Amino acid sequence: MSDTHSNTVAYVRDSMLPEATPPLTEVGAIRWLRENLFSGVLNIILTVLGISSVIWIVLHIGPWFLNAVWNAESLAECRQILDGATGACFGVIKDRWHQLIFGFYPPSAYWRPTLAFVLMLVALAPILFAGAPRKLFWFSAIYPALAFWLLWGGTIWFPIIAMAGFAVGYLAYRVTLPLSTLAATIVGVLATILWWLYLTGPISNMLSGALPIGIMPIRSDSFGGFMVSTVIGVTGIALSLPIGIVLALGRQSDMFLIKTVSVGFIEFIRGVPLITLLFTASLLLNYFLPPGTNFDIILRVIIMVTLFASAYMAEVIRGGLAALPRGQYEAADALGLDYWKAQRLIIMPQALKISIPGIVNTFIGLFKDTTLVVFIGILDPIGLSNAIRADSDWNGIYWELFGFIGLCFFIFCFGMSRYSQYLERKLKTDHR
Amino acid sequence: MAMTNESSGASFRPSMLLYDTRYRSMTIQIVVMFMLMAGFAWLVDNTVENLRALGKDFNFNFLSVRAGYDINQRLVEYTNDSSHGRAMLVGLLNTLLLALVSCVTATVIGVIAGVLRLSKNWIVSRLMGLYVEAFRNVPLLLWIIVIFAVMTESMPAPSAFRGENATSSMLFFDTVAITNRGVYVPGPLFTTSLGAINLGIISVSINFLLILAVVVGSLWANIRLLRHATAVQEATGLRPVTWWKSLLILFAPITVVLIALGFHLSYPSLQGFNFQDGTFLRNSFIAMWLALSLYTGAFIAENVRAGILAVSRGQTEAAFALGMRPSWTMNLVILPQALRVIIPPLISQYLNITKNTSLGIAVGYMDLRSTLGGITINQTGRELEGMLLLMLVYLAISLLISGLMNIYNNSVRLKER
C-alpha cells in the first residue's frame, strides 16, 4: 500500500518548512501604528488632530522656552538680552526666588522655615512609610510645637509648656484611673484644657522672665509664598482627617442630637464657598469672640480651612463606612467589642482603606484651596506674583511666574496622588 | 432603710446614667445639648456686646438703600440709583448665569475627554491624560488668572481691526471679534416686541417667554410621540417611523414663531474706537467661564471614565452575543449602567462649579460675592448681615441644586427589590 502510494506521488515533503516572517504590516512599529493610530476613519482624524495640536504647542512654546533668559535683574534687561527674539524671562524666578518661597520673612531667619521643612519630612517619614524606624513617632508627636516655635519664634517656653499640657492630662488620667475609666478620661481632658486656658500663659511668661531662651519672634503678616501654602496646607491636612472621622461617625450615630448636629454642620460647610468662610475668618470672627480678643490671621485661616476640609472628609469617610459590608459590624458586635474598640480595630481600618482615593483627593483640594487666602490679604504665591508685577522692574511679567507657581503646585499634588496609589497597592489584601 | 429603698425604687442608681447603655445615649445627648446651647449663647452674647461697643445694630434695612455703584454686567435693569437689594439680585443672576453655562460646557468637555481618554488611539488618550492631570493638579484660581491674562494681554486691541492693513480680523465670517476688552458675538434681536410682563422685581420680555413656551411644548410633544411609538412597538412589534415627525415637531413651531417675531442677528462692527452692536462678553466672564469649564471638565472626565470602566466587560460581550450593533450596545447597555455611577459625582461637580463662581472676585466678575459680599459690605459696613445673607443664598442654591439632582438620580437609579 504505502509503496504504491509513494510511487504514485511525485513529491512529498519530509521536513518542516522554516517559519515565514509575518507580513510587514503585522509586526513592530507598523502594526502598532495601524492598531493604535490608524484603525479607522475616526481614529485617523483624531490622530491627525492630536499630532497637529502637539506640533502647534511645541512650535509655540518651544522657542519661548529654549531662548529663556535665566540671568536678568529686570524685565527691561531681559528684553535687551533677547534682542527682539521670543523667549522667556526666567530671571524673575532667580531674582525673586526667596520672595516666592518665604514671602517677606526676614532674610536672616530663612534657616528657620527651611529647617522646619526638613524636619517636617523627618516627622512625616514614620507616618507615610512603614519602613521608617518606629521611634521616629515620638519626634512626629513633638514636631507641631517645634515647627510653631521655629516659624513664629519667641520664647521656647511657650511651646514646651503647651506640650506639657498633654503630660499633665495623662498624669491626671493615671491618678484617677483607679476610680473609673470614664471619669479618668473626663478628668484627663479637662486637666489638659484647663492647663492650656489658665496656666500655660503665666507659667511660660514666668519661665521666660527667669530663663530667657528664645529666637526672634516673627509676626505672621511677614509670612508668604510657598511657605504659607505649606503651613496652611499641612496643618489643615493633619487636622481635617481626625475631625472628619469624628463627624462621619457622628453622622452615622443613633443619637438624634449628635446626628442632627453633624449633618447640619457638614451640609452647611459644604453648601457655602470657602471664600465666604475665609471672609468670615477675617471680618466676622471679631464679632463672635469676646471683646478685645485678636488672634493670628494665619491661625484663623487654618481653623477655617480645616473645618472646610473636614466636612468634605466626613462625607468621603461616610462613603467608606457605607461601603463596608454589614457583616463586619455584626461580627464586631458578636465578638463583644464595645463601640470604640469595634471602630478602632474592625471598622475604621477597613473604611479608611476603602476611602483612600477620596481622602487624598480632599487633601489635594485643600492644598489647592490654600491659594484662596490671597483674597484676605495673605501673600501666597499668587498674591506674590501680583506683588512682583507691581514692582517697576518686573512690570508686565506673567507667564514665567504663572508657569513656575503652577509647576510647583503640580509637583506637590501629583506627588500626593501617586503616593495614594502606592498606598492603595500596599494595603491591598484581596487576592484577585 | 437602705434595704427597703433599693427594693422598692426600681433599682435605679445615678451611675447607670453613664454605665447602662439604655440611659447612656440620653445622658450624652443632654450634655451635648447643654454644651451647644452654652456655646451658642456665648457667641450671641459676644456678638451683641461687640455690636454695642461699635454702636451698630442688626437689621437688613440697608438692602433698600441706594447702592450708588455700577455693575458692568447686568441681566436685569439696574442703575447706580437702584437699591443694594437690587444689586444683590443682579449679582445673584450673574452667579447663576455663569454657573449654568459652565455646567453645560464642563459636562460636554468632560464627557468628550473621558471617552477619548479610554480610546485605543495612543496619542489622543495620552493628550487627554495630560489635560486631565494638568487641570486637576493646579489650583483653579491660577487657571482663572492665567486665562484672564491671556485674554487681556495676548489678544489684539480693537484698533488692530481697523484700516486697510489691519493686523487682526474677525472670526467666523466677520461675526465674532476677540479683542483685549472682551469678545463680541452676534446678538439676537426681534423686530416686533410683544412687550414685557412686570413681575414686581424683574420684568420679563414676552418674546422670551413665548419662545421658551414653544421650545418646552415641542420637547413635551416629542416625548409624547416617542412614548406612543414605544407603546405601538410593544403592542404590535413594529415601530412606526418617527424621525420626520420628530423633526417637524421640534423645529417647525419654533421657526414659525421666530419668523413671526422678526428674529434676526445684529453683528458686531467696528465703529470709532470700539465695536458696536452684537453681544459683548466681558473678559472677566470669558475667563471665569473657560476656567470653570476646563477645570471642572477634567474632574468630570475622570468621573465619566470611572463610570464606563465600572460597567463590566461581560455586559458588552453579552450585548454582542445577542447580536446588538455597537451603537445600540452603547446606548442601551453601557450608558444606562454607567450613568448610575456617573451622576452622583456629577452632582457634586455642579455644586462645586456654583460655589467656585465666587472666585470671580479675582478677575472682577460682578457675581453675588462681588456685589453683596464685596461693594455693598464695604459701603454700608454691614459685614455681619451681608455675610450671613451671602452664606444663606449660597446654601439655598446648593441645597436646591442637590435636591433637584437627587430627584433625577432617584429616577435613573437601579430599582432594587
- Considering the range A:391-425 alone, what residues qualify as being of a type in the set (D, E, K, R) and either within 18 Å of A:G358 (Cα to Cα) or open to solvent by less than 40 Å² (accessible area, probe 1.4 Å) (or both)? A:E400, A:R418, A:E424, A:R425
- Task: Specify which of the listed residues (B:R181, B:R224) is open to solvent by 90 Å² or more (accessible area, probe 1.4 Å), more than 30 Å from B:M88 (Cα to Cα) and within 30 Å of the chain's Cα centre (by Cα).
- Result: B:R224
- Do any residues in the range B:100-111 that are of a type in the set (S, T, N, Q) have Cβ atoms under 6 Å from those of residues that are assigned to a helix (DSSP H, G or I), where the two are at least six apart or on different chains, and which pairs are they? B:S102/B:W289; B:S102/B:L292; B:S102/B:S293; B:S102/B:I353; B:T105/B:S293
- Message: Please verify whether B:I353 is under 17 Å from B:N94 (Cβ atoms), open to solvent by 40 Å² or more (accessible area, probe 1.4 Å), in a helix (DSSP H, G or I) and within 14 Å of another protein chain (Cβ to nearest Cβ), treating the condition exactly as stated.
- Response: no
- Query: What pairs can you find where one residue is in the range A:197-224 and over 16 Å from A:A109 (Cα atoms) and assigned to a helix (DSSP H, G or I), the other is of a type in the set (G, A, S) and open to solvent by less than 40 Å² (accessible area, probe 1.4 Å), and their Cβ atoms are less than 6 Å apart, with a gap of 6+ or different chains?
  - Reply: A:T200/A:A162
- Task: Say whether the condition of being in a loop (DSSP other than H, G, I, E, B) and hydroxyl-bearing (S, T, Y) is met by at least one residue in the range B:265-278.
- Result: yes
- Check on A:A248, more than 12 Å from chain B (Cβ to nearest Cβ) and open to solvent by 40 Å² or more (accessible area, probe 1.4 Å): no
- Residue check for A:E73: charged (D, E, K, R) and within 14 Å of chain B (Cβ to nearest Cβ): no
- Out of the residues in the range A:374-390 that are among the aliphatic types (A, V, I, L, M) and within 10 Å of another protein chain (Cβ to nearest Cβ), which is most open to solvent (accessible area, probe 1.4 Å)? A:V374
- Task: Could you please find all residues in the range A:251-270 being modelled with pLDDT of 90 or more, small (G, A, S) and surrounded by 17 or more Cβ atoms within 10 Å (Cβ to Cβ)?
- Result: A:S262
- Take B:F40 and decide whether it is aromatic (F, W, Y), open to solvent by 40 Å² or more (accessible area, probe 1.4 Å) and under 25 Å from B:S203 (Cα atoms). no
- Message: Against the condition charged (D, E, K, R), within 14 Å of chain A (Cβ to nearest Cβ) and not in a loop (DSSP other than H, G, I, E, B), how does B:R52 come out, does it pass?
- Response: yes
- So the helices (runs of 4 or more DSSP H) completely within the range A:85-194 holding 3 or more residues that are open to solvent by less than 60 Å² (accessible area, probe 1.4 Å) and not β-branched (V, I, T) are A:97-102, A:111-128, A:136-152, A:157-176, A:181-194
- Yes or no: B:L346 of a type outside the set (K, R), more than 22 Å from A:E267 (Cβ to Cβ) and away from every other protein chain (no Cβ under 12 Å)? no
- Selection count where residues are open to solvent by 90 Å² or more (accessible area, probe 1.4 Å), more than 14 Å from every other protein chain (Cβ to nearest Cβ) and part of a helix (DSSP H, G or I), scope the range A:29-70: 3
- Item | Criterion (polar (S, T, N, Q) and within 30 Å of A:D391 (Cβ to Cβ)) met by exactly one of A:T25, A:T21, A:T86 | A:T86
- Evaluate the range B:219-240: report whether one residue or more is at pLDDT below 80 and away from chain A (no Cβ under 14 Å). no
- Select from the range B:110-124 the residues that are open to solvent by less than 50 Å² (accessible area, probe 1.4 Å) and more than 14 Å from chain A (Cβ to nearest Cβ) and write down the one among them that is nearest to B:I353 (Cα to Cα). B:G110
- Task: Kindly indicate which of B:L332, B:L395, B:L368 is without any contact (Cβ under 8 Å) to a residue 60 or more places away in the chain and within 11 Å of another protein chain (Cβ to nearest Cβ).
- Result: B:L395
- Is there a residue being part of a helix (DSSP H, G or I), open to solvent by less than 70 Å² (accessible area, probe 1.4 Å) and at pLDDT 90 or above anywhere in the range B:320-329? no
- Query: Does any residue of the range A:38-46 turn out to be at pLDDT below 80 and not hydroxyl-bearing (S, T, Y)?
  - Reply: yes
- Message: If I ask for residues that are open to solvent by 50 Å² or more (accessible area, probe 1.4 Å) and either part of a helix (DSSP H, G or I) or closer than 23 Å to B:L212 by Cα (or both), which ones from the range B:231-249 would you list?
- Response: B:A231, B:Q233, B:E234, B:A235, B:T236, B:W243, B:W244, B:K245, B:L247, B:L248
- The condition of being surrounded by 16 or more Cβ atoms within 10 Å (Cβ to Cβ), in contact with a helix residue (DSSP H, G or I) (Cβ under 9 Å, 6 or more places away or on another chain) and modelled with pLDDT under 90 holds, among B:I308, B:I300, only for B:I308
- Report, by residue number, each residue of the range B:91-109 that is in contact with a Leu (Cβ under 8 Å, 6 or more places away or on another chain) and open to solvent by 10 Å² or more (accessible area, probe 1.4 Å). B:L92, B:L93, B:L97, B:T107, B:I109
- Note on the structure: For the range B:386-404 the number of residues that are within 17 Å of A:L277 (Cα to Cα) and in contact with a helix residue (DSSP H, G or I) (Cβ under 7 Å, 6 or more places away or on another chain) is 10
- Of the residues that sit in the range B:135-145 and are open to solvent by less than 30 Å² (accessible area, probe 1.4 Å) and either touching a residue at least 12 places away in the same chain (Cβ under 8 Å) or under 17 Å from A:E35 (Cβ atoms) (or both), which one is nearest to the other protein chains (Cβ to nearest Cβ)? B:L141
- Tally, over the range A:308-332, of residues that are part of a helix (DSSP H, G or I) and loosely packed, with under 13 Cβ neighbours inside 10 Å: 5
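The values are calculated or read from the model by the stated rules, or taken from the named source; none is laboratory data. Not measured: the values here are computed from a predicted model. Every residue, glycine among them, receives a Cβ derived from its backbone with ideal geometry; neighbour counts consider all protein chains shown. To get the accessible areas, we keep the full protein, side chains included, count just its heavy atoms, and leave off ligands, DNA and RNA. Shrake-Rupley method; radii C 1.70, N 1.55, O 1.52, S 1.80 Å.
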